[in-house]
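Have a look at the structure below, then the notes.
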């Protein structure tokens, strides 16, 4: 629950009507407001009795639950709370306060002890902290007006109870360090990340079996593509933030978390500030990208940034979505997805014949990166990154993929903005396509151009041969026509007179006979040349006959003009 807004008249109220100081005794009964979304019976209020008081904690237990226990179970529960109190006094409190700073002390209730209320909750909830309890009822009518955390009675006999208490206590610290000190609320994801890391910080995750870390690994592997910063209060959110925080601390130190809680900035901005203070030049987005690779390969031989050092995390590897391409013929596969910011996906491609072409296209508004892991037939893998242009597009071509490589795993990641108001984190579209081809489109185009050039050269040679043949038929000399004695027309072939006509037209220049061929065949080019000749000498050829356009027929008037010019 987030921080409640303050009202303008609270200050004067504090002056004249100070809050009562709590001093609870064993057996005291109280009605507490509780969160119905966590409570097993969806209640908004419960009656509870103070069953134990330690140096730093009041333990209230839900009456309905407590009254349902027999005497031996009550005695066992009190012994568990005694042990939990010793653990809190000697380890949880001093360790967490030394790293993150103190809670609000003595706080709204003017009592240095915190209150722990145990009541039955949904099994998925270990506990919770309600920042609304840090405000007076005049601001928040449901406030319990205490420094208070809530624990699930279902876990009272389990070792996880101390991890859950530590987790919720960090939330209490965060409220003091951020809300009280700077009047800002920490981004939910980072608030939960620090709280969830407390179990590791305190050594409770050293024994992996049954630990909070084991739970988080299981959650993460079920849905690794969950967004780091989009908080929907699901178990998958906890899996993502825990595994990322483990990686962040391993590579950049616990001080990144302790520094970031002391700044007025929140979320990613505070982590960036802490990294800068500690002298790290790696950007937060690059850290995120490296983590997405680490959870895929988890192999220190590829570099420290691509693995976990924690022995309990050495075997953590996600299973990417598997995609097959046929081993015969050309084939392609295309996939489109939309994900929240600060998330990643993993796709493994195997098979394919010939070249493998990988194409990527991300939504222009998103800041995408595309890393990929290429493994050869000896299972030796290397990490690479695709360059994307301003339109978030890129391409990679792998030669003889099936012969040289065992698999290609691509990792599209999105890391656009540092912060989104609650409920406003958008999704970003991206598409990737893989094609197995014998030749790329560029290679096919180059081959086509080469083929066309070869055909042109062949036609040139044939034309030269024909021209040489025509020249040999005319004795190797230009044909000298003295006079045209008969009419000539389209369709005549192998005619000496036509050959003479063509030579005459050729001599008139390219504007009359652009082809310039002397073949003896009266074709379309010769016809068009005659028309142009007739229209050029319109006054002598066409006008006397009452014609406006050339006919292409070499009749009396046309032959007369030609014969004049031949003389």
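The values are calculated or read from the model by the stated rules, or taken from the named source; none is laboratory data. Note that the structure is predicted; figures quoted are calculated from it, not measured. Methodologically, a virtual Cβ is constructed for each residue, glycine included, from the backbone with ideal geometry; neighbour enumeration extends over all protein chains shown.
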(message) Restricting to the stretch 408-431, count the residues that are over 14 Å from residue 226 (Cα atoms), at pLDDT 90 or above and surrounded by fewer than 19 Cβ atoms within 10 Å (Cβ to Cβ).
(response) 4
(message) Any residue at all in the stretch 389-398 that's in a strand (DSSP E or B) and under 17 Å from residue 322 (Cα atoms)?
(response) no
(message) Here is a check on your reading of the model: is residue 273 closer than 23 Å to residue 163 by Cα, out of contact with any helix residue (DSSP H, G or I) (no Cβ under 6 Å at 6 or more places or on another chain), free of Cβ contacts under 8 Å to residues at least 24 places away in the same chain and not assigned by TED's automatic domain parsing to the domain that holds residue 341?
(response) no
(request) Within the stretch 351-374, work out how many residues are in contact with a helix residue (DSSP H, G or I) (Cβ under 9 Å, 6 or more places away or on another chain) and either surrounded by fewer than 18 Cβ atoms within 10 Å (Cβ to Cβ) or outside the structural domain of residue 429 (by TED's automatic domain parsing) (or both). (result) 1
(request) Report yes if some residue within the stretch 57-76 is under 14 Å from residue 172 (Cα atoms) and in contact with a helix residue (DSSP H, G or I) (Cβ under 7 Å, 6 or more places away or on another chain); otherwise report no. (result) yes
(message) Suppose we filter 10, 26 for residues that are over 23 Å from residue 76 (Cα atoms) and either modelled with pLDDT of 95 or more or surrounded by fewer than 16 Cβ atoms within 10 Å (Cβ to Cβ) (or both); which single one remains?
(response) 10
(message) Cβ-Cβ under 7 Å, sequence separation 6+ or interchain: first residue in the stretch 113-130 and without any contact (Cβ under 8 Å) to a residue 40 or more places away in the chain, partner surrounded by fewer than 23 Cβ atoms within 10 Å (Cβ to Cβ). Which pairs?
(response) 123/154
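Which of the helices (runs of 4 or more DSSP H) contained wholly in the stretch 491-558 include at least 3 residues that are crowded, with 18+ Cβ neighbours inside 10 Å and not assigned by TED's automatic domain parsing to the domain that holds residue 460? Don't jump to the end; show me each part of the working.
Details: elements: 496-507, 524-536, 538-541.
Result: 496-507, 524-536.
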(request) Filter the stretch 335-353 for residues that are over 28 Å from residue 229 (Cα atoms) and not in a loop (DSSP other than H, G, I, E, B) and give the result. (result) 349, 350, 351
(message) Would you confirm, using the coordinates I've provided, whether residue 295 is surrounded by 15 or more Cβ atoms within 10 Å (Cβ to Cβ) and not assigned by TED's automatic domain parsing to the domain that holds residue 213?
(response) no
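Taking the options 233, 191, 242, name whichever one is buried (at least 22 other Cβ atoms within 10 Å of the Cβ), within 30 Å of residue 135 (Cα to Cα) and without any contact (Cβ under 8 Å) to a residue 40 or more places away in the chain.
After applying the criteria, what remains is 191.
Rundown of residues vs (1) loosely packed, with under 15 Cβ neighbours inside 10 Å; (2) over 22 Å from residue 160 (Cβ atoms); (3) more than 40 Å from the chain's Cα centre (by Cα), yes/no style:
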| residue | (1), (2), (3) |
| --- | --- |
| 85 | no, no, yes |
| 90 | yes, no, yes |
| 93 | no, no, no |
| 99 | no, no, no |
| 117 | no, no, yes |
(request) State yes or no: is residue 480 more than 60 Å from the chain's Cα centre (by Cα) and either modelled with pLDDT of 90 or more or surrounded by 17 or more Cβ atoms within 10 Å (Cβ to Cβ) (or both)? (result) no
(message) If a residue must be farther than 30 Å from residue 255 by Cα and outside any helix (DSSP H, G or I), how many such residues does the stretch 142-153 contain?
(response) 5
(request) Please state which one of 296, 322, 356 is under 22 Å from residue 402 (Cβ atoms), touching a residue at least 40 places away in the same chain (Cβ under 8 Å) and assigned to a strand (DSSP E or B). (result) 356
(request) Check residue 227 against each of (1) in the same structural domain as residue 284 (by TED's automatic domain parsing); (2) over 21 Å from the mean Cα position of the chain (by Cα); (3) in a loop (DSSP other than H, G, I, E, B) and name the one condition it does not meet. (result) (2)
(message) Quick check on residue 127: is it touching a helix residue (DSSP H, G or I) at 6+ places or on another chain (Cβ under 6 Å) and surrounded by fewer than 17 Cβ atoms within 10 Å (Cβ to Cβ)?
(response) no
(message) residue 449 - would you say it is assigned to a helix (DSSP H, G or I) and modelled with pLDDT of 75 or more?
(response) no
(message) I'm trying to understand the selection: among the residues of the stretch 259-270, which are assigned to a helix (DSSP H, G or I), on the phi < 0 side of the Ramachandran plot and in contact (Cβ under 8 Å) with a residue 60 or more places away in the chain?
(response) 260, 261, 268, 269, 270
(message) Quick test of your reading of the structure: residue 383 fulfils all but one of (1) modelled with pLDDT under 90; (2) part of a strand (DSSP E or B). Name the failing condition by number.
(response) (1)
